[in-house]
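The structure under discussion appears below in the form of structure tokens.
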Amino acid sequence: MLRLRLVRFWPLAAAALALAACAPAGGSAAGAAPKGGGSAAPTEVYVVATDFKFDPPLIRLPAGKPVTLVFDNKGSVEHDLHVAALSIHIHANAGQGAKATVTADKGGAFDLDCTIPGHRELGMKGSMVVAAQ
């Protein structure tokens with residue numbers, strides 16, 4: 001009886017595992033790129049802060065299009081995401097998140113960091129690349 005159940009369950013489990021392996025894991029490889037599309041709502045870019053790094057450390061935005069930055073602080077202390085050249089600043093306390101919709105009007109590569117004292121020096125820095133798409 002048990003063998004019969006395992007035989008029936010095995011193909012279903014294998015199919016579920018294969019589908020899970022093909023699904024995206026919440027973000028883009030090689031830098032976060034905007035998710036979504038269409039013109040009805042801004043696309044979203046997810047950035048996770050931990051103690052003491054950003055994931056991903058490279059964020060890509062389209063020039064001239066609204067994008068919602070979703071900032072999730074999974075660290076044990078407060079963090080922020082700051083891009084001085086684009087006037088972007090998002091703050092979140094430990095274990096919380098924040099969102100901001102931004103439109104990057106100038107292209108290029110820009111430094112991003114956490115402005116909480118000492119965090120940049122501990123590795124909380126990265127880049128934001130804005131390009132026409």
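Listing for the model above:
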item	result
Condition met for Phe71 (of a type in the set (Phe, Trp, Tyr), surrounded by 14 or more Cβ atoms within 10 Å (Cβ to Cβ), touching a His at 6+ places or on another chain (Cβ under 9 Å) and not in a helix (DSSP H, G or I))	yes
Residue that is modelled with pLDDT of 95 or more, in contact with a Pro (Cβ under 9 Å, 6 or more places away or on another chain) and charged (D, E, K, R), where the choices are Lys53, Lys99, Lys74, Lys125	Lys125
Residue identified as within 20 Å of Ser127 (Cβ to Cβ), assigned to a strand (DSSP E or B), among the hydrophobic types (A, V, I, L, M, F, W, C) and out of contact with any helix residue (DSSP H, G or I) (no Cβ under 6 Å at 6 or more places or on another chain) among Ala98, Ala109, Ala85	Ala109
Index of the failed condition, Ile116 passing every other in (1) touching a Leu at 6+ places or on another chain (Cβ under 7 Å); (2) surrounded by 16 or more Cβ atoms within 10 Å (Cβ to Cβ); (3) hydrophobic (A, V, I, L, M, F, W, C)	(1)
Unmet requirement for Val77, which otherwise passes all of (1) surrounded by fewer than 15 Cβ atoms within 10 Å (Cβ to Cβ); (2) assigned to a strand (DSSP E or B)	(2)
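The values are calculated or read from the model by the stated rules, or taken from the named source; none is laboratory data. These numbers were taken from a predicted model, which means no experiment stands behind them. Virtual Cβ from ideal backbone geometry, glycine too; neighbours counted across all protein chains shown.
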